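Below you'll find the structure, written out as structure tokens, and then a few comments.
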């Protein structure tokens, strides 16, 4: 009876820890140049689903995310006090472990470069990803892309491992 209870408790612990370990809070900052009408971008999960994007339609700028009701999106001008260099978008999302693709487009074909906006920091990702942070440049052309991989927090992985050891030990 004790063995059966331990296996059940271990299974519940693994399921609970697994659900919290798979979602990580990731922060994004996007720097578009001043000609935002030329720009668009998409954040795509490893299943091919667009989970966040920027697009312009009928003179309005849209930045929907799959979690927009949970995490607010900030949008506004950025640059030095002497001149405005472009538009900045910041938002956060809880993402499951996996690989994500950032696709950026510019219909004019000059990347996201204007005035002192170099396009070197076009799309920034910070959080529990491989390397801790990543920055994607968009300095020329019609499109640029990059990928990043979200990983569970190391502490959560260690706890999952301990739960697995406890379960294995009781089976033996």
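The values are calculated or read from the model by the stated rules, or taken from the named source; none is laboratory data. Not measured: the values here are computed from a predicted model. Neighbour counts are summed over all protein chains in view; Cβ atoms, including those assigned to glycine, are modelled from backbone coordinates with ideal geometry.
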Test for residue 150: is it buried (at least 18 other Cβ atoms within 10 Å of the Cβ) and closer than 30 Å to residue 23 by Cα: yes
Checking residue 70 against (1) part of a loop (DSSP other than H, G, I, E, B); (2) under 15 Å from the mean Cα position of the chain (by Cα); (3) at pLDDT 90 or above, the condition it does not meet: (3)
Qualifying residue in segment 21-30 (condition: over 15 Å from residue 139 (Cα atoms) and part of a loop (DSSP other than H, G, I, E, B)): yes
Top-ranked residue of segment 31-42 - restricted to ones that are surrounded by fewer than 20 Cβ atoms within 10 Å (Cβ to Cβ) and part of a strand (DSSP E or B), ranked as farthest from the chain's Cα centre (by Cα): 40
Residue count for segment 43-65, restricted to those that are assigned to a strand (DSSP E or B) and surrounded by fewer than 17 Cβ atoms within 10 Å (Cβ to Cβ): 9
